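Down below is the structure, laid out as structure tokens.
The values are calculated or read from the model by the stated rules, or taken from the named source; none is laboratory data. The shown structure was predicted, so the numbers you read here are calculated from the model rather than taken from an experiment. Neighbour counts run over all protein chains shown; Cβ positions are idealised from the backbone, glycine included. All accessible areas refer to the heavy atoms of the entire protein, side chains included, with ligands and DNA or RNA removed. Shrake-Rupley method; radii C 1.70, N 1.55, O 1.52, S 1.80 Å.
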Amino acid sequence: MAALLPPPKRQKIYHGITEPEPEPQAPTPSIVVQFVSEDDGRPLAPAVSLPANVSREGLEALVNKLGSQEDSVPFSFYVKLSENKNAPSGAPTQIVISKSLQADVLDHPTADITTEDVITVHCSPQSVFRVRPATRCSSTLSGHTSPILCASFSPTGNLLATGSGDTNARLWNLNTETPSHVLSGHKGWVLCVEWEATERKLATGGHDGHVRLWNPQTGESIGDALKGHSKWVTSLAWEPIHINPASPRIASSSKDGTVRVWSTLTRRSEYTLGGHSASVNIVRWGGSGGPKGVLYTASSDRTVRIWDAENGQPLHTLKEHAHWVTTLTLNTDFVLRTGPFDHTGKRPVSNDEAQKLAKERFDKVLANTPELLISGSDDHTLFLWSIFPSSSSKASTKPISRLTGHQRQISHVAFSPDGRWAASASWDNSVRIWEGRTGKFIATLRGHVGAVYRLAWSADGRMLISASKDSTLKIWDLKTYKIKVDLPGHTDEVYCVDFVADKVVSGGRDRTVKIWKH
């Protein structure tokens, strides 16, 4: 049977009135653009004259052609807005170019940039791989009989560890999305789980004041608990793999006001840090500042302290906060946590190779910036610190900047994997984005109707996910600063979230672990 053609389109009839003339298209203006590096502001090429409607892809091709890169590098572009005292609080301070300079910058309602100006476009190199946003719940796993308090993917993303108020930690296989092992041994709530960066061990800290080490392959406890704290363990941090690949030590902070560093070989406490006068809420093991790195600790005594990780000597005390300091993040957190593993999935065959790969990844993050620290507090503010600016200059205990704008306590802060951005979550229901090197405010992400508890970045740094008291997770697009995907499904508050590859995991008060996929 012959295919039928659709009927011809009906002509528009102008009853006795002459057909209006088609509107002439406005000519595209020419603009002068100066491409500069986001890292140091140096021009990448001489200023060029372009039609204003060149697409974002066209700009990317042009920068790659003008630059000295051998391979094509993906870029994101943004234009900074001039400081406007009358701008509403929380308004973005820069425009990300997603379509073209004409559509995004010249036609922007708040922008005072015209075709007469030389438009400075900041070029930010992006990761060569792209993470897909999770859009659906692929598994809802039950097993815990109390709220899930912490969750963490292993460095390769093959395993997941969760800790709960039922005194157990659990391991889950992410390839099959099934339970793997139950880790029982704690006599109180499991408050923190932390993976060693080569995935050989898992550490858990509990309300019973004990730290336990586990073999993730068998689910067996490695020896007895590490006992010494007189109150519950608040956080754990492993020694970086590029410093000690064979048998990294582990640091535990506690409500008893001390931090203990344990040897995983002798299973004894090597030394105790006892300078804080109140609960130590978080500990981080930084990779620079000394031969064995340094320990950063934040406490309810309103201070952040820095210690030499080799022998526990106190180095600096940071006293700017006016209330409890509850959260810390380093711009090297992601590479320290994932050690030798990157997006290629290659596994090191020896400790030496693991150390070499981890060192390369660590040095790459610190190529243009020193190790930076952001501390968040119940005084509603954050501080950005650069304690060890470079090998030649003297250590600085003055903050680079004070990050203000949140209306209530800060619950979590996290650097993006490349350290270019930082995000903070607060009890004021909002998430704020900051420049990672200057602390400059970028944008406020609004959408939650309850306190935001936790944040996690995608490995490519293009997306951010937040977990909230309102029982939802939200994935945010950092091009538009708007919600990319809303993930409802939990029936109660969501306490923990983690993001690896294109999988997201979440857990909370409803006692279920949810795995979200594209």
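Within the range 363-371, is there a residue that is out of contact with any strand residue (DSSP E or B) (no Cβ under 8 Å at 6 or more places or on another chain), surrounded by 21 or more Cβ atoms within 10 Å (Cβ to Cβ), in contact (Cβ under 8 Å) with a residue 24 or more places away in the chain and within 14 Å of PRO417 (Cα to Cα)? Yes, the conditions are met somewhere in the range 363-371. Can you tell me which residue within the range 402-431, out of those that are at positive phi and touching a residue at least 60 places away in the same chain (Cβ under 8 Å), is farthest from the chain's Cα centre (by Cα)? Only one residue tops the list, namely GLY405.
Within the range 112-155, the set of residues being open to solvent by 50 Å² or more (accessible area, probe 1.4 Å) and hydroxyl-bearing (Ser, Thr, Tyr) comprises THR114, THR115, THR120, THR135, THR140, SER142, THR145. Would you confirm whether or not the range 230-242 contains a residue that is among the β-branched types (Val, Ile, Thr) and within 22 Å of SER411 (Cβ to Cβ)? Yes, the range 230-242 contains at least one residue that is among the β-branched types (Val, Ile, Thr) and within 22 Å of SER411 (Cβ to Cβ). Which of the residues spanning the range 460-475 are surrounded by fewer than 23 Cβ atoms within 10 Å (Cβ to Cβ) and hydrophobic (A, V, I, L, M, F, W, C)? ILE475, the sole residue that qualifies.
Within the bounds of the range 324-336, is there any residue that is part of a helix (DSSP H, G or I), open to solvent by 20 Å² or more (accessible area, probe 1.4 Å), within 25 Å of ASN158 (Cα to Cα) and touching a Pro at 6+ places or on another chain (Cβ under 7 Å)? Full working, then the answer.
Taking the range 324-336 first, the residues part of a helix (DSSP H, G or I) are 333-336.
Add one more test, that the residue is open to solvent by 20 Å² or more (accessible area, probe 1.4 Å), and what stays is 333-334, 336.
Next cut, within 25 Å of ASN158 (Cα to Cα) only: 333-334, 336.
If we keep only those that are touching a Pro at 6+ places or on another chain (Cβ under 7 Å) as well, we get 334, 336.
Yes, the range 324-336 contains at least one residue that is part of a helix (DSSP H, G or I), open to solvent by 20 Å² or more (accessible area, probe 1.4 Å), within 25 Å of ASN158 (Cα to Cα) and touching a Pro at 6+ places or on another chain (Cβ under 7 Å).
Within the range 489-512, residues that are touching a residue at least 60 places away in the same chain (Cβ under 8 Å) and β-branched (Val, Ile, Thr) have Cβ atoms under 7 Å from residues that are assigned to a strand (DSSP E or B) and open to solvent by 30 Å² or more (accessible area, probe 1.4 Å) in these pairs: VAL497/ARG454; THR512/THR140, counting only partners at least 6 apart in sequence or on another chain. Restricting attention to the range 173-216 and to residues that are among the hydroxyl-bearing types (Ser, Thr, Tyr) and either touching a Lys or Arg at 6+ places or on another chain (Cβ under 6 Å) or crowded, with 20+ Cβ neighbours inside 10 Å (or both), the residue that is modelled with the lowest pLDDT turns out to be THR198. Within the range 35-44, not a single residue is without any contact (Cβ under 8 Å) to a residue 60 or more places away in the chain, over 30 Å from the mean Cα position of the chain (by Cα), within 17 Å of PHE77 (Cα to Cα) and outside any strand (DSSP E or B). Quick check on the range 156-172: of everything there that is open to solvent by less than 10 Å² (accessible area, probe 1.4 Å) and hydrophobic (A, V, I, L, M, F, W, C), which residue is nearest to LYS227 (Cα to Cα)? Of everything passing the filter in the range 156-172, ALA169 is nearest to LYS227 (Cα to Cα).
Every condition in (1) surrounded by 20 or more Cβ atoms within 10 Å (Cβ to Cβ); (2) farther than 22 Å from LEU330 by Cα is met by TYR453 except one, and the failing one is (2).
Count, please, the residues in the range 337-348 that happen to be open to solvent by 40 Å² or more (accessible area, probe 1.4 Å) and modelled with pLDDT under 85.
Quick first cut of the range 337-348, residues open to solvent by 40 Å² or more (accessible area, probe 1.4 Å) only: 337, 342-347.
Still in the list and also modelled with pLDDT under 85: 342-347.
Residues flagged as open to solvent by 40 Å² or more (accessible area, probe 1.4 Å) and modelled with pLDDT under 85 within the range 337-348 amount to 6.
Does LYS359 satisfy being outside any loop (DSSP other than H, G, I, E, B) and either touching a residue at least 12 places away in the same chain (Cβ under 8 Å) or open to solvent by 20 Å² or more (accessible area, probe 1.4 Å) (or both)? Steps first, please.
Numbers: outside any loop (DSSP other than H, G, I, E, B): yes; either touching a residue at least 12 places away in the same chain (Cβ under 8 Å) or open to solvent by 20 Å² or more (accessible area, probe 1.4 Å) (or both): yes.
Yes: the conditions hold for LYS359.
Note on the range 107-225: enclosed strands (runs of 3 or more DSSP E) holding 3 or more residues that are over 30 Å from VAL79 (Cα atoms) are 136-141, 148-153, 159-164, 168-173, 178-184, 190-195, 202-206, 211-214.
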